[in-house]
Amino acid sequence: MSKLTLTLNKRTGRMKIMNDSKILGYQPGNSFIHALNATTKMIFLILVSIACMVTYDTRFLIAICILSLILLKIAGIKWKQVSFIVKFIIVFAVINILAVFIFQPTYGESLYHSKTVLINAGYFTLTAQELFYLLNVSLKYICSIPLVLLFLLTTNPSQFAASLNKIGVSYKVSYAVSLALRYIPNIQESYWSISAAQQARGNELSKKASLGKRIHGTLNIVTPLIFSSLDRIDTISTAMQLRRFGSKKKRTWYVAEKFSLADYLVTSLAFILVLIVILLFKVNSGRFYNPFV
């Protein structure tokens, strides 16, 4: 084997190790959260996310933010496992917040029925009310993102499908959800593998390259990856049809799990949080907590 080939292999190997941490998918673990039933985690995610999206009570949102970050710590989720997607979402969130301020900088005043000027800049005058409203919008992202990441990283797709079927969801739909959760990490892995191979061949796609070159290189990878993914889907679909998937009304699951005491407690906590939001509606006379009164 030539010296050049060895160098390329070493570089590709290093890139693969670095990019493996960017794969967003199920990560086995022994934490309390990993041991929960997949359906419990889904119920908690849906109910708490809805509660956070509906309310603008800053106190409740801060409490859920702290709870979400604690749960990430308990699950043993490391920053390098979620840094890529978190940075992407932060950029999107910042753009969204700026857009909200640019298109309606006086929205906070109409919500909280008061005006405290912080920076006087004509149309773009910044008030404490608008800043407070934007803070609440930001807190909503901080509440939801850790919960979604927690679900994706601690939920075994097969167990999730079995749990969905157990609560009455069609096993065809359950299996489709399981395949989707399994396929997300596969697509990411394929992307990073191709990217590493391209860089090993001298086509720089890292931060060292210009933004235009990185976008062009990414499009060159994503386009064929989409078509190859469609081919894989067709292959899987044909294989399932040949095995007569869906011909029976019911099916058994190898990894089906029963609800434990912890599952019932966590589900109860989710409903309690929803009830708290309903109570806050009455206390605040609406969705918004107004500290300016």
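Values quoted throughout were computed directly from the atomic coordinates according to the rules given, and no laboratory measurement underlies them. Small disclaimer: the values here were computed from a predicted structure and weren't measured. A quick note on method: Cβ atoms are made from the backbone with ideal geometry, for glycine too, and the neighbour counts reach across all protein chains shown.
What trypsin sites (Lys or Arg not before Pro) in the stretch 227-293 are in a loop by DSSP, with at most 10 other Cβ atoms within 10 Å of the Cβ?
Arg243, Arg244, Lys248, Lys249, Lys250, Lys258
For Lys282 and Val169 in the same chain, what is the full-extension length gain: residue separation times 0.36 nm, less their Cα-Cα distance, in nm?
37.2 nm
Mind listing the long-range amide H neighbours of Ala75? Cut-off is under 5 Å, sequence gap 5 or more, other chains count too, H placed in the peptide plane at 1.01 Å from N.
So Ala75 has HN proximity to no qualifying residue.
Looking at the stretch 101-197, which trypsin sites (Lys or Arg not before Pro) are DSSP coil and have at most 15 other C-beta atoms within 10 Å of their C-beta?
Sites meeting the loop and neighbour criteria: Lys115.
Using the Karplus equation 6.51 cos²θ - 1.76 cosθ + 1.60 (θ = phi - 60°), what ³J(HN,Hα) coupling, rounded to whole Hz, does each residue of the stretch 56-66 give in order, writing x for Gly and Pro?
10, 7, 4, 5, 5, 5, 5, 4, 5, 4, 5
Could you list the trypsin sites (Lys or Arg not before Pro) in the stretch 75-111 that lie in coil according to DSSP, counting only those with at most 13 other Cβ atoms within 10 Å of their Cβ?
Lys78
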